[in-house]
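One structure is given here, and the rest of the page talks about it.
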Amino acid sequence: MQLKRVVVTGLGALTPIGNTVPEFWKGLENGVSGAGPITKFDSSKYKTQFACELKNFDIHDHLERKEARKMDMFSNYALVAAEESMQDSGLDVTKVNLDRMGVIWGSGIGGMKSFFDECVAFAKGDGTPRFNPFFVPKMIPDIAAGHISIKYGFRGVNFATVSACASSTHAIIDSFNYIRLGKADAIITGGSESPITEPGVAGFNASRALSTRNDNPQAASRPYDVDRDGFVLGEGAGSLILEDLEHAQARGAKIYAEVVGGGLTADAYHITAPHPEGLGARNVILTALDDANIGIEDIDYINTHGTSTPLGDIAEIKAVKHVFGDHVYDINISSSKSMTGHLLGGAGAIEAIGSLMAIEKGIILPTINLDNLDPEIDSKLNLTANKSQKREVNYCISNTFGFGGHNASIVFKKFN
């Protein structure tokens, strides 16, 4: 069977450092931190009192109040990012086969805030179960994909991927596979998350996953730095339009890059900690390269998972060094989470967008706050410390790993 070629024709981003793709890229290129004090609730009694929240964003600028109220914010964010990607792609819903248009969307948690609010209200009541009729539809992680498909009338493949922080990369890879197998012409894919809530912060604090650098939030997300102490929670969404190349060319679409490979593996080791030697990460990168039918010497840039956790950063770098050997010293490596924080299930989508923009602009986004390299990390690696660097990028890899040992790696190629 001859596989279809798959390209990216539209992008949409809603992030802590920019509410559109151009704003997001400007933040990445200039090394802007999205971290600051939490404004969504009183965090004064929490170990962590900061996060990477959206800035200058009002959902009612995008959705009618009545419509927005029926959804959790993770679905609101999904619709906003999807709309930008659809406009960017130029897809005309009146001129396509809606039965071959799909939506595959990732979210690791779904409607946590909606679940929490309803349960708190019930606990404060008289025991009568007076729940909002939209409680379940607001909460379930698949509902964002449903809302997107309803908005555009897309009647093709439609489902959600849930694999913690790897969710949206899994969604993109699934979309890639459906299109290259000829089962869809185009798919809106990506992911969204709205985890900056009382239980979100308290839960990650309890597992000692979050940074507690309350005195200097903007310096808290610091992948590979010896003083890192955990990740910074982020929120938002990223949306990509993946399309069959022939379909895209027939309508004269702009093409950002080609998707050429994807890898999916498991650590099979621990529910939260990575394999100490990065075994799962090593295997997923190798799987992605094999799927793309390219060699290690072809990769120019790796956008790492790079969460700023003591164990995770080391394990991933060990995996990268094992896979790429001496070529690793010719590769640019960076972590955009140093700027955006960690969007959990939405992370892979916005990091894929950052990788695609690096290809288009010929600029590698930086790893900010990298002041004192962890001595366990090879100092000869080019971790693109603190400043973006100009470089032609022909092939890049974007990695995402999730609690449960879920690993996903995707390969993008400059289109020609």
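The values are calculated or read from the model by the stated rules, or taken from the named source; none is laboratory data. Small disclaimer: the values here were computed from a predicted structure and weren't measured. Cβ sites come from the backbone with ideal geometry, for glycine too, and all protein chains shown count toward neighbours. Just the protein is used for accessible areas: all its heavy atoms, side chains included, with ligands, DNA and RNA removed. Shrake-Rupley method; radii C 1.70, N 1.55, O 1.52, S 1.80 Å.
For this structure, a couple of remarks:
- Subset of region 369-416 (residues that are among the β-branched types (Val, Ile, Thr) and either under 23 Å from Ile294 (Cβ atoms) or in contact with a strand residue (DSSP E or B) (Cβ under 8 Å, 6 or more places away or on another chain) (or both)): Thr384, Val393, Ile397, Thr400, Ile410, Val411
- Within the set Lys55, Lys4, the sole residue that is at pLDDT 95 or above, of a type in the set (Lys, Arg) and closer than 30 Å to Arg208 by Cα turns out to be Lys55.
- For beta carbons closer than 7 Å, sequence separation of 6+ or different chains, a first residue in region 379-396 that is within 22 Å of Val411 (Cβ to Cβ) and among the basic types (Lys, Arg) and a second that is at pLDDT below 95 and not in a loop (DSSP other than H, G, I, E, B), there are no qualifying pairs.
- For region 381-416, the candidate set comprises residues that are farther than 18 Å from Ile368 by Cα and among the small types (Gly, Ala, Ser); within that set, the residue that is surrounded by the fewest Cβ atoms within 10 Å (Cβ to Cβ) is Gly404.
- Hits in region 153-209 (condition: out of contact with any strand residue (DSSP E or B) (no Cβ under 6 Å at 6 or more places or on another chain), part of a helix (DSSP H, G or I) and open to solvent by 10 Å² or more (accessible area, probe 1.4 Å)): Asn177, Tyr178, Glu198, Pro199, Ala202, Gly203, Asn205, Ala206
- Those residues of region 80-111 which are surrounded by fewer than 24 Cβ atoms within 10 Å (Cβ to Cβ) and in contact with a helix residue (DSSP H, G or I) (Cβ under 6 Å, 6 or more places away or on another chain), in sequence order: Val93
- Looking only at region 238-256, and only at residues there that are of a type in the set (A, V, I, L, M) and touching a residue at least 12 places away in the same chain (Cβ under 8 Å), the one that is surrounded by the fewest Cβ atoms within 10 Å (Cβ to Cβ): Ile255
- Hits in region 117-141 (condition: among the charged types (D, E, K, R) and without any contact (Cβ under 8 Å) to a residue 24 or more places away in the chain): Asp117, Glu118, Lys124, Asp126, Arg130
- Counted residues, region 215-229 - those being on the phi < 0 side of the Ramachandran plot and open to solvent by less than 60 Å² (accessible area, probe 1.4 Å): 9
- Subset tally (residues that are under 24 Å from Ser168 (Cβ atoms) and without any contact (Cβ under 8 Å) to a residue 24 or more places away in the chain) for region 62-75: 4
- Hits in region 401-412 (condition: out of contact with any Asp or Glu (no Cβ under 6 Å at 6 or more places or on another chain) and under 14 Å from Ala273 (Cα atoms)): Phe401, Gly402, Phe403, Gly404, His406, Asn407
- Lone unmet requirement of (1) in a loop (DSSP other than H, G, I, E, B); (2) of a type in the set (S, T, N, Q); (3) buried (at least 20 other Cβ atoms within 10 Å of the Cβ) for Ser75: (1)
- Some residue of region 88-101 being in contact (Cβ under 8 Å) with a residue 40 or more places away in the chain and either within 20 Å of Leu233 (Cβ to Cβ) or in contact with a Leu (Cβ under 7 Å, 6 or more places away or on another chain) (or both): yes
- Residues being crowded, with 16+ Cβ neighbours inside 10 Å, outside any helix (DSSP H, G or I) and not polar (S, T, N, Q) - total across region 1-32: 15
- Counted as qualifying within region 306-416 are the strands (runs of 3 or more DSSP E) with 2 or more residues that are β-branched (Val, Ile, Thr) and under 22 Å from the mean Cα position of the chain (by Cα), namely 395-402, 406-413.
- Meets criteria (open to solvent by 10 Å² or more (accessible area, probe 1.4 Å), touching a residue at least 60 places away in the same chain (Cβ under 8 Å), farther than 18 Å from Ile410 by Cβ and of a type in the set (Ser, Thr, Tyr)) for Thr265: no
- Test: residue in region 33-55 that is touching a residue at least 24 places away in the same chain (Cβ under 8 Å), open to solvent by 80 Å² or more (accessible area, probe 1.4 Å) and in a strand (DSSP E or B): yes
- Taken as a whole, the condition of being assigned to a loop (DSSP other than H, G, I, E, B), of a type in the set (Gly, Ala, Ser), surrounded by 20 or more Cβ atoms within 10 Å (Cβ to Cβ) and in contact (Cβ under 8 Å) with a residue 24 or more places away in the chain does not apply to Gly280.
- Residue count, region 166-195 (criterion: under 13 Å from the mean Cα position of the chain (by Cα) and under 23 Å from Ala257 (Cβ atoms)): 12
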